[in-house]
Amino acid sequence: MSDAPILETRALTKEFKGFVAVSQVNLRVRRGTIHALIGPNGAGKTTCFNLLTKFLTPTSGQILFNGEDITSESSARIARRGVIRSFQISSVFPHLTVLENVRVALQRPLGNSFQFWRSERVLDSLNDRAMALLESVDLQRYAALTAVELSYGRKRALEIATTLAMDPQLMLLDEPTQGMGLEDVDRTRQLIQKVAADRTVLMVEHNMSVVASIAHTITVLQRGATLAEGPYAEVSRNPAVIEAYMGSASAELKGPH
């Protein structure tokens, strides 16, 4: 873990016809950490993710990765730098096997992206690496199944495996536990901790139990602006954060029991 940020934003702002969705956000994601971006619905979390991966262009402000200004770069160029958002390579093809899904994702760094016409023998050379990735997300026993046969939680694990195939320096996970039952949530929590051992993770997550147990730093957004930042113990006691979550979302701040 290092204090040097791998990703930094400076006064990052996005306006839509006069509506300010993200306002003057200064984000510092330290290398080797799990950083969570939280906030009530409509707080600007997904817009912020879209700005970082250039699915949206900032109205003003800067984005720096490894100290270099990447604000004007394309989403493809940013991905090549190693900033990978899980759905960017949404290579979970339902009727390919779990192994084939990861093998397809592995072709991208080799410059052979999605070349389905390549011989089976050439693609088989990727099997060892694909199986190693499946082991890392505890899916090796499902390698021969088609992706459509997996449970929802294991499909998300497969998405993480295909993301890892891109060899990311920074993984952006958007609601990784959304829609999961307790067992899948716990499995995904452990998986995120495991894959974060040698890389940096920035995630948007509503499940405060997950955030409280694995995030080193939490940034709270409200109405597009930074409301608070720090470790969970500090943020969860912040009066402004408690007020922002009052009502239907208030219980989410309780974290693990």
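For region 40-56, how many residues meet the condition of being under 17 Å from the mean Cα position of the chain (by Cα) and either surrounded by fewer than 16 Cβ atoms within 10 Å (Cβ to Cβ) or of a type in the set (A, V, I, L, M) (or both)?
Taking region 40-56 as the starting set, the residues that turn out to be under 17 Å from the mean Cα position of the chain (by Cα) are 44-56.
Those still in the list that are either surrounded by fewer than 16 Cβ atoms within 10 Å (Cβ to Cβ) or of a type in the set (A, V, I, L, M) (or both) too: 51-52, 55-56.
Total satisfying the criteria: 4.
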Problem set entry | Val185 being touching a Ser or Thr at 6+ places or on another chain (Cβ under 6 Å), more than 22 Å from Ala130 (Cβ to Cβ), assigned by TED's automatic domain parsing to the domain that holds Gly44 and hydrophobic (A, V, I, L, M, F, W, C) | yes
Problem set entry | Number of positions in region 57-88 that are surrounded by fewer than 20 Cβ atoms within 10 Å (Cβ to Cβ) and either modelled with pLDDT of 95 or more or over 28 Å from Met208 (Cβ atoms) (or both) | 22
Problem set entry | Residues of region 66-83 that turn out to be in a strand (DSSP E or B) and under 23 Å from Glu15 (Cβ atoms), as a count | 1
Exercise. Only one of (1) of a type in the set (D, E, K, R); (2) outside the structural domain of Ala212 (by TED's automatic domain parsing); (3) in contact (Cβ under 8 Å) with a residue 40 or more places away in the chain; (4) under 20 Å from His206 (Cβ atoms) fails for Asp174. Which number is that?
Worked result: (2)
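Given the structure, is Val220 of a type in the set (Val, Ile, Thr) and surrounded by fewer than 18 Cβ atoms within 10 Å (Cβ to Cβ)?
On the way: of a type in the set (Val, Ile, Thr): yes; surrounded by fewer than 18 Cβ atoms within 10 Å (Cβ to Cβ): no.
For Val220, the condition - of a type in the set (Val, Ile, Thr) and surrounded by fewer than 18 Cβ atoms within 10 Å (Cβ to Cβ) - is not met.
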Seminar exercise, completed: All-but-one check, Met180 against (1) in a helix (DSSP H, G or I); (2) closer than 16 Å to Ile214 by Cβ, failing number (1)
Exercise. Among the candidates Ala240, Ala215, Ala244, which residue alone is surrounded by 18 or more Cβ atoms within 10 Å (Cβ to Cβ), modelled with pLDDT under 95 and closer than 27 Å to Ala11 by Cβ?
Worked result: Ala244
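Which of the residues belonging to region 1-39 are hydroxyl-bearing (Ser, Thr, Tyr) and under 15 Å from Leu56 (Cβ atoms)?
Thr9, Thr13, Ser23
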Problem set entry | Number of positions in region 136-170 that are of a type in the set (A, V, I, L, M), under 30 Å from Gly67 (Cα atoms) and modelled with pLDDT under 95 | 5
For this session: Look through Glu205, Glu149 and report the one residue that is buried (at least 19 other Cβ atoms within 10 Å of the Cβ) and among the acidic types (Asp, Glu).
Result: Glu205
For this session: Working only within region 155-174, note down all residues that are assigned to a loop (DSSP other than H, G, I, E, B) and in contact with a strand residue (DSSP E or B) (Cβ under 6 Å, 6 or more places away or on another chain).
Result: Met166, Pro168
For this session: Could you please let me know if Met131 is surrounded by 13 or more Cβ atoms within 10 Å (Cβ to Cβ), in contact with a strand residue (DSSP E or B) (Cβ under 7 Å, 6 or more places away or on another chain) and either modelled with pLDDT of 90 or more or not assigned by TED's automatic domain parsing to the domain that holds Glu8 (or both)?
Result: no
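The values are calculated or read from the model by the stated rules, or taken from the named source; none is laboratory data. Every value quoted in this text rests on a predicted model; they were computed, and no experiment measured them. Every residue, glycine among them, receives a Cβ derived from its backbone with ideal geometry; neighbour counts consider all protein chains shown.
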